[in-house]
Amino acid sequence: MKKALVIGYVWPEPKTTAAGNRMLQLLHGFLEYDYHIVFATTASKTQYSEDLVHLGIQEQPIALNDSSFDVFVQGLNPDVVLFDRFMVEEQFGWRVAEFVPKALRILNTEDLHSLRKTRQLVHRKGEEFTISHWLQHDMTKREIASLYRSDLTLLVSHYEKKLLEEELHIPAVLVYHLPFLLEAITEKDRKAFPVFEKRKDFSCFGNGRHAPNIDALKYLNDAIWPLIRKELPEAKLHVYGAYLPQQIQELHRPQKGFFVHGWVEDLNTELQKTRINLAPLRFGAGIKGKLTRAMQNGIPSVTTAIGAEGMYGAMDWAGEITEKPNDFAQKAIDLYQNEQKWHKKQQNGLDIINGLYSKEKLLPAFFKVLENLRTNIVEQRAKNFIGQLLQQQSMASTKYMAKWIEEKNKKK
C-alpha cells in the first residue's frame, strides 16, 4: 500500500472552515486511491477538529525544530508528502528532502496567502490593488520559493494558476488546478430543496478567524444592510460562523433584523430556509467555500468580483456580482423579489457545482498526474534548476536555524 504523509497547519475543521473541508476532501481522495495516510501537525486540537482515526487515518503529533521528526519520517518512508500551506513546507520541507528524498513533495496552498495578505494591506491603506503590490511583498517571495522547492503545487483557483504562469512564468508542470472536490447535485437533490415561496430572509456565513469575513460582516452591517432593510423592512439577515469575535457578536440587533447566531451544528438546514446569500468580500484570495456551500443548498449569492474570482470559469454566475453598496443592495433586493430570475441563478449554481467541482471528474485526473509524476520525478527535478538552487541556499539557513533552536531547547 502506498503511503501519504500529510503535514497540516492545523487539525482539519470541516464544520468551521472551507480550508478544513478542502483538507478533508484531499484526505478522502487519497483514501479512495488506496493510500495509507498519516496526518501530522504541531497544532493542538479544538472542539471542532475532525476525528481522523474513525476514517482510518493515523494521527501523529509532531514538534517544531526537533529531530524526532527526522526519525519519524524516515521510519514511515512515505511515497507522498503533502504540506498544508507554504509555512509548513518552510518548517519541514528540508527535513523531508533530506531524510526521505524519493518522496513526492506536494504543496497545498488553500489559497495564495501572499495574494490575500497583500490585498488586505492595500485595502487597509485605502489604495487600489495592483499586481505590483503583490510582487513586492516579502510573503510572495517566500510562497513562490516554497512552490519551486515542491514537486507540485495545488491551486484551488484557476485565476491564481493563470497569475503564476503569466506574471511569474512558473512552469506549468509545477502547478496544478485542483478546486473543491464536491459531490454532484442530482435532480432528486434539486427537487428536495425548499421552493422560493418557502424561503425568506438573507444569510451570511464564514469563520470568524478569517479577516476577509470580519471585514465583510462589518461592511454589510454599516453600508449595505440598512439599504436592504429600508426597502424590505420585514427581512432578516442571519449570520453564522464559528469563532465570531466580540465585535461581530455585538452587531446582533434583532430590532434591525440583524441576527448573529454563531456556529450551528447543521448549517445546511439553516441555509435552506433563506432565499439569498450575501458575501460582500473586499479582499481575499482562492475560491470561497461560503459560495459553493450556498450553491449546494440552492441559494443564489450576491458577491463582489473578489468573492467570485476563479469560481465559475466561462459559466454564468449563481447570483449577482457587484461592488458599490447601493448597487449591491439593489441587486440583492431585485433577486430577492424576482422568482423567475432567482430560479435561473439557482440553476446556474447547480451547473457550476456539477460542471467545475465534480469529484468524480477531478479525482481521477489528479491521481493520474500524481502517478506520472512519481514515475518521472528524477527528470522533473533535474529540470527544476531554481528549485534545486532554493533547496540548497534558502533551506540551508532554515535547517541550521532549526538545529540551533533545537540545541538551545535541550539546554533549558
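The values are calculated or read from the model by the stated rules, or taken from the named source; none is laboratory data. What you see is a predicted model; the values in this text were computed from it and never measured. In this analysis, Cβ positions are derived from the backbone assuming ideal geometry, glycine residues included, and neighbour counts consider all displayed protein chains. For accessibility, only protein heavy atoms count, side chains too; no ligands or nucleic acids. Shrake-Rupley method; radii C 1.70, N 1.55, O 1.52, S 1.80 Å.
Quick notes on this one:
- The number of residues in the stretch 144-172 that are more than 20 Å from Arg105 (Cα to Cα), among the hydrophobic types (A, V, I, L, M, F, W, C) and part of a helix (DSSP H, G or I) comes to 1.
- Beta carbons closer than 7 Å, at least 6 apart along the sequence or on distinct chains, pair a first residue in the stretch 367-384 that is closer than 18 Å to Leu178 by Cα with a second that is at pLDDT below 95 and assigned to a helix (DSSP H, G or I) for Leu373/Gln380.
- Residue among Ala97, Ala172, Ala184 that alone is of a type in the set (A, V, I, L, M, F, W, C), open to solvent by 10 Å² or more (accessible area, probe 1.4 Å) and within 21 Å of Thr17 (Cα to Cα): Ala184
- Candidate set from the stretch 277-316 (those that are open to solvent by 10 Å² or more (accessible area, probe 1.4 Å) and over 15 Å from the mean Cα position of the chain (by Cα)); member that is farthest from Cys204 (Cα to Cα): Ala314
- Just one of the numbered conditions (1) buried (at least 20 other Cβ atoms within 10 Å of the Cβ); (2) at pLDDT 95 or above; (3) under 26 Å from Lys290 (Cα atoms) is not true of Leu24: (1).
- Within the stretch 121-143, the set of residues being open to solvent by 20 Å² or more (accessible area, probe 1.4 Å) and assigned to a helix (DSSP H, G or I) comprises Leu121, His123, Arg124, Ile131, Ser132, His133, Leu135, Gln136, Asp138, Met139, Lys141, Arg142.
- Highlighted here are the strands (runs of 3 or more DSSP E) found entirely within the stretch 8-98 that include at least 3 residues which are free of Cβ contacts under 8 Å to residues at least 24 places away in the same chain and on the phi < 0 side of the Ramachandran plot: 58-61.
- Considering Ser114, Ser157, Ser132, the condition of being closer than 23 Å to Met311 by Cα and out of contact with any Phe, Trp or Tyr (no Cβ under 9 Å at 6 or more places or on another chain) is satisfied by Ser157 alone.
- Some residue of the stretch 9-18 being buried (at least 19 other Cβ atoms within 10 Å of the Cβ), modelled with pLDDT under 95 and small (Gly, Ala, Ser): yes
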